[in-house]
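One structure is given below, encoded as structure tokens.
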2 protein chains.
Amino acid sequence: MDARFSSVVPFGAVWAQGNERREMDLIERILNGDLRAVGRLITMVENATPEAVAALKALYPHTGHAYVIGVTGPPGSGKSTLADRITGELRELGKTVGIVAVDPTSPFTGGAILGDRLRMQRHSLDEGVFIRSMASRGHLGGLSRATNDVVDVLDAMGKDYILIETVGVGQAEVDIMRTAHTTLVVAVPGLGDEIQAIKAGIMEIGDLFVVNKADREGAERTVLEIEMMLEHGQSDDGWRPKIFKTVASRGEGIEALTHGVLEHREFLFEEDGHGRKRRERTRWVLRGLLEERLAARAMACISRRGGLDPLIEKIAARETDPYTAVEDVLRTLGL
Amino acid sequence: MDARFSSVVPFGAVWAQGNERREMDLIERILNGDLRAVGRLITMVENATPEAVAALKALYPHTGHAYVIGVTGPPGSGKSTLADRITGELRELGKTVGIVAVDPTSPFTGGAILGDRLRMQRHSLDEGVFIRSMASRGHLGGLSRATNDVVDVLDAMGKDYILIETVGVGQAEVDIMRTAHTTLVVAVPGLGDEIQAIKAGIMEIGDLFVVNKADREGAERTVLEIEMMLEHGQSDDGWRPKIFKTVASRGEGIEALTHGVLEHREFLFEEDGHGRKRRERTRWVLRGLLEERLAARAMACISRRGGLDPLIEKIAARETDPYTAVEDVLRTLGL
């Protein structure tokens, strides 16, 4: 079936079939690990089509098996290389891996800037690894939502581990990390104060800390700084965050780090079979989705009633203020 | 009245007065430029108190005079120093300035990490300059909303120019920049590829481009790269973005850059007296506020009906999926 669709029947003909049939084919193909089907659904997810939602609903019962690892840190900390190396370790353990690289992108074009990263090509011929770069689209936590959906797709297609890689600066990026089971926060020695400060912003979501490029001067001081920050914090689940030194470009320290990830996984599992973490993840997903849909519905209602323009004119003329205007709109919507 | 409240009557006594009276005092004091009153309202704004909303409504008719300049760029590009120098130039022109420095912060503590920046102390004894660091609070575009509110407060207190400084990475930060009249995108020579890519993400919101630390090797190449990127883009209003070279630490190129800002201001004014830009800003403010309030109302409704927990359990058990769950919730809310 797969072969026929992908090689003989032209794309247009497939789309000409009935919706239900097409959808079932797509689901079946994804569950069978068909890369073209996976790629197509992810594109649909990114474009937020109704078909994507239908497919995600159908796939959902097949999710919940993958273990999600977040990798975050400032620009230039070597997150991609690190993700690449961890992938190598997991592959050696016989595990399949999905990688979702979230790129900061243009709010206008919506295109991924780094594209599918060249340095990831090491695994590009390995069928056990699926790599996808995500572009941030539109407003309203769309990035979180889309990233989560892609994680679900890779989960459903049967990947054992899913790595989400993102620059740890904005709120959206922090939210994405909240949906990981284990979060790695990556630092490097010798970056400026401002970068260290940004790093601090994501400090509290870290389960494991990585000082990458640890052959550079100042590595010990960076470890010490992280240790000091960790002393002030407290974990709500009894896990004591650990610090690892790596030189990802040469593969140094990766085995120990991967072991650390598996140890954290074990810790969460012993707690209650990942139950708490799974509920936390679900809560974030649900809230994000709810906010997005609420805003979309509300904007649709507002559009039907003449849009925001009349309000904007009144505000610009100082006849009303944004707070009063929003209260009026909510009242009209019956909220 | 100001003097009595700030020196004789203890804080508690002021709060013991009637709501309306207290509010009017606060408004009056802010319009008179009382720094303690401004600081207090900003704290209320950050904590999103109902009193803050009442005060913002009362202040709104007094806003719309300030010119808002956004300064954004990657960590380490010298945004603060640049904002500091531009402030110096504007002060020499006899203009008053407000600075809002948005710090990437911990989602847990909500505290500003960099605090009120030491390097800004040059203007700390100048009554014509008001500086405030903003912390990112909570979820849901709260940062955009709070930043906007602070801009309104500084506008109402009579500042001629307001500079918003933010790290240009996350979506929230890009959204903040959309509320500026003129946006400066700052780059530096010799940063790694990844940082350049992030810079590209905010490229399209720039009215003026600054290559800071232009005494470093590679400055000309960075200028060239920006020129090439600009060739691909197009402006919707006919403004042709300009590129400036500065060494902010030594004050070099700042006069020309400030002149560039004023030139862009002139351009927008000639177009239609800043009308288009003002409507654009209002649209962003309104949308952000609407989304925030919608989510808050919806969560309150959901809480009254037993919260998200029962849904989370059903999703965790794969009895439903997030998309169906959200549709159910929206139906219950009558949306």
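The values are calculated or read from the model by the stated rules, or taken from the named source; none is laboratory data. Note that this is a predicted model, so its numbers are computed, not measured. Using ideal geometry, Cβ is built from the backbone for each residue, glycine included, and neighbour counts are taken over all protein chains shown.
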Starting from residues that are under 22 Å from residue B:278 (Cβ atoms) and facing another protein chain (nearest Cβ under 7 Å), keep the ones in the range A:296-316 and report whichever is modelled with the lowest pLDDT.
A:316
Just checking, how many residues over the range A:282-335 are touching a helix residue (DSSP H, G or I) at 6+ places or on another chain (Cβ under 7 Å), of a type in the set (Gly, Ala, Ser) and over 28 Å from residue B:156 (Cβ atoms)?
3
Count of residues meeting criterion [outside any helix (DSSP H, G or I) and modelled with pLDDT of 90 or more] in the range B:17-32
1
Of everything in the range A:317-334, what is within 7 Å of chain B (Cβ to nearest Cβ) and either within 12 Å of residue A:302 (Cα to Cα) or of a type outside the set (S, T, N, Q) (or both)? Give them in sequence order.
A:318, A:321, A:322, A:323, A:325, A:326, A:329, A:330, A:334
Can you pull out every residue in the range B:236-260 that is farther than 21 Å from residue B:181 by Cβ and β-branched (Val, Ile, Thr)?
B:247
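With respect to residue B:271, is the statement that it is surrounded by fewer than 20 Cβ atoms within 10 Å (Cβ to Cβ), closer than 30 Å to residue A:275 by Cβ and of a type in the set (D, E, K, R) true? Give the steps one after another, and end with the answer.
Values: surrounded by fewer than 20 Cβ atoms within 10 Å (Cβ to Cβ): yes; closer than 30 Å to residue A:275 by Cβ: no; of a type in the set (D, E, K, R): yes.
Considered against the rule, which asks whether it is surrounded by fewer than 20 Cβ atoms within 10 Å (Cβ to Cβ), closer than 30 Å to residue A:275 by Cβ and of a type in the set (D, E, K, R), residue B:271 comes out as no.
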Are any residues in the range A:255-295 free of Cβ contacts under 8 Å to residues at least 40 places away in the same chain, more than 8 Å from chain B (Cβ to nearest Cβ) and not aromatic (Phe, Trp, Tyr), and if so, which ones?
A:256, A:259, A:262, A:263, A:266, A:270, A:271, A:272, A:273, A:276
Hey, could you check the range B:52-68 for residues that are touching a residue at least 12 places away in the same chain (Cβ under 8 Å) and in contact with a Lys or Arg (Cβ under 9 Å, 6 or more places away or on another chain) and say which is nearest to residue B:190 (Cα to Cα)?
B:68
Say whether the condition of being at the interface with chain B (Cβ under 10 Å from one of its Cβ atoms), more than 21 Å from the chain's Cα centre (by Cα), free of Cβ contacts under 8 Å to residues at least 40 places away in the same chain and within 21 Å of residue B:330 (Cα to Cα) is met by at least one residue in the range A:232-250.
no
Tally the residues that are assigned to a helix (DSSP H, G or I), farther than 18 Å from residue B:28 by Cβ and either within 11 Å of chain A (Cβ to nearest Cβ) or of a type outside the set (A, V, I, L, M, F, W, C) (or both), restricting the search to the range B:54-96.
10
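Condition first: of a type in the set (Ser, Thr, Tyr) and modelled with pLDDT of 90 or more. Now tell me which residues in the range B:33-60 satisfy that.
Of the range B:33-60, the ones of a type in the set (Ser, Thr, Tyr) are B:43, B:49, B:60.
Once the filter is applied, which keeps residues that are of a type in the set (Ser, Thr, Tyr) and modelled with pLDDT of 90 or more, the range B:33-60 yields only B:60.
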